[in-house]
Amino acid sequence: DIQMTQSPSSLSASVGDRVTITCRASQSVATSLSWYQQKPGKAPKLLIYTASSLLSGVPSRFSGSGSGTDFTLTITSLQPEDFATYYCQQIYSTPLTFGGGTKVEIK
Amino acid sequence: ELQLVASGGGLVQPGGSLRLSCAASGFTFSSYWMHWVRQAPGKGLVWVSRINSDGSSTTYADSVKGRFTISRDNAKNTLYLQMDSLRAEDTALYYCARSVSGGSADYWGQGTLVTVSS
């Protein structure tokens, strides 16, 4: 199975900050990587697919990059509605494993 | 409006069975692969199973293989998860989700809670 490791597991940031979350795969997943946002009590929402493609309707302050084993999710100017937990997921091979999550909290 | 409505969760004893359903509307259900993903209370997301658009191909996480069965009825626009030999560690909120772009889940249901306890 491919293991997905996210870092950090949590971070504190202020509105307007630039935030970067990293995700590392235990073996290459090419660009078969997705990013999700989950708010408390809500289902996850897809933000980015194929590592860098922004889902329609997702604000352009979100971006994804990377290929192979190393990926990043960047939020260029953190907004109040962005405080949430973010997960990466590899869709290269089954089982389709998720990272452990990164909780973005208000500083 | 696209909707996925999961149901069928509840309290079940260890070793028991439960069948989850996910009713789809607002899109051509028969054209999409579908996933089940679960989340234990206070924990992260765990992929459980996937089924292709006509139901002929299924895959499972090792932790549920041989105990859970994913299926679908395209005439009823409904996805199922038959859960047998349930264990305490299967306690979680179970989400159904639509699969796109090679496996990403672009729409999710609200989840249905399964609690395995004596």
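The values are calculated or read from the model by the stated rules, or taken from the named source; none is laboratory data. Note that the structure is a prediction, hence the values are computed from the model and not measured. Reconstructed Cβ throughout: ideal geometry from the backbone, glycine too, with neighbour counts over all protein chains shown. With ligands, DNA and RNA removed, areas are computed over all heavy atoms of the protein, side chains included. Shrake-Rupley method; radii C 1.70, N 1.55, O 1.52, S 1.80 Å.
Shown here is the pair-distance distribution of the protein assembly as shown: with all Cα-Cα distances grouped in 10 Å bins from zero up to the longest one, the shares run 8, 34, 35, 19, 4, 0 percent.
Judged by the ratio a/c of the largest to the smallest principal axis of the C-alpha gyration tensor, chain A counts as prolate, that ratio being 1.5 or greater while a/b is larger than b/c.
Considering every alpha-carbon pair of the stretch A:48-101, the percent of pairs per 5 Å bin, from zero through the bin containing the longest distance, is 4, 16, 27, 27, 15, 7, 2. Heavy-atom accessible surface of chain A, averaged per residue, reaches 45 Å², computed with a 1.4 Å probe. Surface composition of the stretch B:14-60: carbon and sulfur atoms hold 47% of the protein heavy-atom accessible area at a 1.4 Å probe. The simple Förster model, with R0 at 30 Å and r as the Cβ-Cβ distance, assigns B:THR28 and B:ASP62 a FRET efficiency of 0.40. Leaving ligands, DNA and RNA out of it, report the carbon-plus-sulfur percent of the accessible area of the stretch A:33-107 at a 1.4 Å probe. So the carbon and sulfur contribution to the accessible surface is 49 percent.
Return the lysines within reach of B:LYS43: Cα separation strictly under 26 angstrom, same-chain partners fewer than 8 residues apart disregarded; answer none if there are no such residues. Here the lysines satisfying the reach criterion relative to B:LYS43 are A:LYS39, A:LYS42, A:LYS45, A:LYS103, A:LYS107, B:LYS65.
Ordered from highest to lowest accessible area with the whole protein assembly present and a 1.4 Å probe, A:GLU105, A:GLU81 read as A:GLU81, A:GLU105. Here is the interface size for B with A: some 1400 Å² of accessible area buried, both sides summed, with a 1.4 Å probe.
Residues in the stretch B:1-113 average 44 Å² of solvent-accessible surface per residue, probe 1.4 Å, ligands and nucleic acids excluded.
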